[in-house]
């Protein structure tokens, strides 16, 4: 084998390697996004951006609604308690038909409704409660029902 033939074989081998390399690069190049697929990708990205914007608006609106609901809940009745009792203590008149009921919000504002029951009549009383206090004198049952309502809130 002469040196000329050896050089030709080496050149043929180099050309074959270069052809294989070009073919590999061509297949990789075909896999790259084309102008047509770039438009599709851009459209999808734009849609995702719009959807994200809508989600952010929805989240902000939901947060405002939650704050509003929390503020409204503060003013609702949250501490409710009822005690039934016999105001005549063993006289047999009335039994445990009398009651005291506290209806207060989270800040301790509301009302205590009380009734005194006897065979002849029923009396109903309402006492306003502000900050867990009443400006009127309360019975032991009313004090107890207020404390129980405070513990429930």
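Structure values in brief
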read-out: Compactness of segment 79-152 as Cα Rg over 2.2 N^0.38 Å, two decimals; value: 1.11
read-out: The chain: most fluctuating residue of 75, 107, 43 per GNM, C-alpha cutoff 10 Å; value: 43
read-out: Full-extension gain in nm, residue 64 to residue 40, via 0.36 nm per residue minus C-alpha separation; value: 5.0 nm
read-out: Among 52, 27, 101: highest mean-square fluctuation, GNM of the chain, C-alpha pairs under 10 Å; value: 27
read-out: Alpha-carbon radius of gyration plus Dmax, which is the widest Cα pair, for the chain in Å; value: 42.7, 138
read-out: Nitroxide proxy distance, nm - points 7 Å out along Cα→Cβ at residue 3 and residue 152; value: 11.0 nm
read-out: GNM flexibility winner over the chain from 28, 46, 121 (Cα, springs under 10 Å); value: 28
read-out: Segment residue 121-residue 134, extension gain: residue separation times 0.36 nm, minus the distance between their alpha carbons; value: 2.1 nm
read-out: Angle in degrees between helix 35-74 and the longest Cα principal axis of the chain, rounded to the nearest 10; value: 10 degrees
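The numbers here are math on the coordinates, done by the rules we state, and not lab data. Just so we're clear, the structure is a prediction, and the values are computed from it rather than from any experiment. Every residue, glycine among them, receives a Cβ derived from its backbone with ideal geometry; neighbour counts consider all protein chains shown.
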